[in-house]
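> Quick one: structure below, then a few questions.
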Amino acid sequence: METKFVLLILTLLLSISVTVRTDYVRPQPRKTLHFPWNPKPPSQPQQVHISLAGEEHMQISWVTDDKSAPSIVEYGTSPGIYTSSAEGDTTSYSYLFYSSGKIHHTVVGPLEHDTVYFYRCGGQGPEFQLKTPPAQFPVTFAVAGDLGQTGWTKSTLDHIDQCKYDIHLLPGDLSYADYMQHRWDTFGELVQPLASARPWMVTEGNHEKEKIPLFTDAFQSYNARWKMPFEESGSTSNLYYSFEVAGVHVVMLGSYTDYDELSDQYSWLKADLSKVDRKKTPWLVVLFHVPWYNSNNAHQGEGDGMMAAMEPLLYAAGVDLVLAGHVHAYERSKRVNNGKSDPCGAVHITVGDGGNREGLAAKFRQPQPEWSMFREASFGHGELKIVNSTHAFWSWHRNDDDEPVRSDQVWITSLIGSGCLAEKNYESRKILISP
Ligand SMILES: *[C@@H]1O[C@H](CO)[C@@H](O)[C@H](O)[C@H]1NC(C)=O
């Protein structure tokens, strides 16, 4: 009797230890961070972040409580010595009972490439420093979507801070403010250490919408706070735009604005893609929020409408890589088009696991589709190092591991070196030049 009992206990212990060793324990969501009330002098800059603003220019954005604070940025290449200055524009918005501080957007430049600048906002407050991207390859992007402001967000940002990168790409869902406007302010403070040092290029997700019918417009806060260089790329909306950096043309699309063939976004995309010069920018990368290739149960099929409308354009243009968010997991595809593998299509990667409070999307569809190469539900971020005109190295880093550990990695070769863009193979290209 006693030996049986001991055996039972032993078996139980053994099975527990085996379970622990073989099954990866899925981390639980972490709570929204607590931000103690810590008022700054009203004219002191808060929530400083920067973004690329056309060739050799950078936009510096910040908020002050003081409505008369100046929108001036002083800057230079040595600490405390500001040899240049620029003045910008301001905006503000009201949302039900909330009214924002003064939101400043000031464009500085022309700036040297790959150079550290020291700057100060509004003529006072602390000094910040930023590094401009290089003029040529290699160039490295950090990628994390669906960030939010939880303990996991903090972990993701700490990991990104440890890697060497030039630009942060964010495929939608920034603050998870979800109608509570002061949460945009706490998010701005949370990301400031990173976002004031490297350009953050973002596109919107469903959590940016915050529309209350009859009361507030969609994307009010997002558009006021996270103004992107849309005018510079001929777009009439902050919800979609493009930019170029070191041999890469990056297109930021909107999953929550019209995308059908008669829409402004569609015409703008077509015009933008037909202008891409692959000699100047051999790499073509696209970002949007809702993935088109997704084998997770979460948000299944939500991207189908946009995919039906826009995938033919991306295919015709020879897009190399598509980055999305929305699904709180990681998934990487082969080169695909029209729902299946295609050597001339784009690689699609979902990185919607930045750390928001909703937690992970742990259930994947079975069997894994033939186009899906790697999928896992963990918090983390991606790194895209574009080495030269033909080779890029993609890696995905889980927050559970130390930053240098790569849970998924792959070399991606560009379509420019593949023959896919050769005129004779490229019947579908006509769609881009037809009226
Ligand atoms: C591009 O980088 C890859 C990987 O490092 C290398 O094998 C290849 O030779 C490079 N190509 C050129 C043209 O430098």
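> Give 129, 136 a once-over and let me know the one that is at pLDDT 95 or above and within 30 Å of residue 349 (Cα to Cα).
Going through 129, 136 in turn, the sole match is 136.
> Only one of (1) touching a Cys at 6+ places or on another chain (Cβ under 8 Å); (2) surrounded by fewer than 20 Cβ atoms within 10 Å (Cβ to Cβ) fails for residue 125. Which number is that?
(1)
> Sticking with this structure for a sec: Just to be sure, is residue 403 in a loop (DSSP other than H, G, I, E, B) and in contact (Cβ under 8 Å) with a residue 24 or more places away in the chain?
For residue 403, the condition - in a loop (DSSP other than H, G, I, E, B) and in contact (Cβ under 8 Å) with a residue 24 or more places away in the chain - is met.
> Looking at segment 379-405, which of its residues are at pLDDT 95 or above, surrounded by fewer than 17 Cβ atoms within 10 Å (Cβ to Cβ) and away from the ligand (no atom under 13 Å from the Cβ)?
Residues satisfying the conditions do not exist here.
The rows are residues; the columns are (1) over 25 Å from residue 230 (Cα atoms); (2) touching a Lys or Arg at 6+ places or on another chain (Cβ under 9 Å).
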residue	(1), (2)
71	no, yes
76	yes, no
79	yes, no
87	no, no
94	no, no
108	no, no
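> Could you grab me the full set of residues in segment 407-418 that are more than 16 Å from the ligand (Cβ to nearest atom) and either out of contact with any Lys or Arg (no Cβ under 7 Å at 6 or more places or on another chain) or not in a loop (DSSP other than H, G, I, E, B) (or both)?
Of everything in segment 407-418, just one residue is more than 16 Å from the ligand (Cβ to nearest atom) and either out of contact with any Lys or Arg (no Cβ under 7 Å at 6 or more places or on another chain) or not in a loop (DSSP other than H, G, I, E, B) (or both), namely 408.
> I'd like to verify a number: residues in segment 226-244 that are crowded, with 24+ Cβ neighbours inside 10 Å and in contact (Cβ under 8 Å) with a residue 40 or more places away in the chain, how many?
2
The values are calculated or read from the model by the stated rules, or taken from the named source; none is laboratory data. Since the model is a prediction, treat every value here as computed from it, not as a measurement. Reconstructed Cβ throughout: ideal geometry from the backbone, glycine too, with neighbour counts over all protein chains shown.
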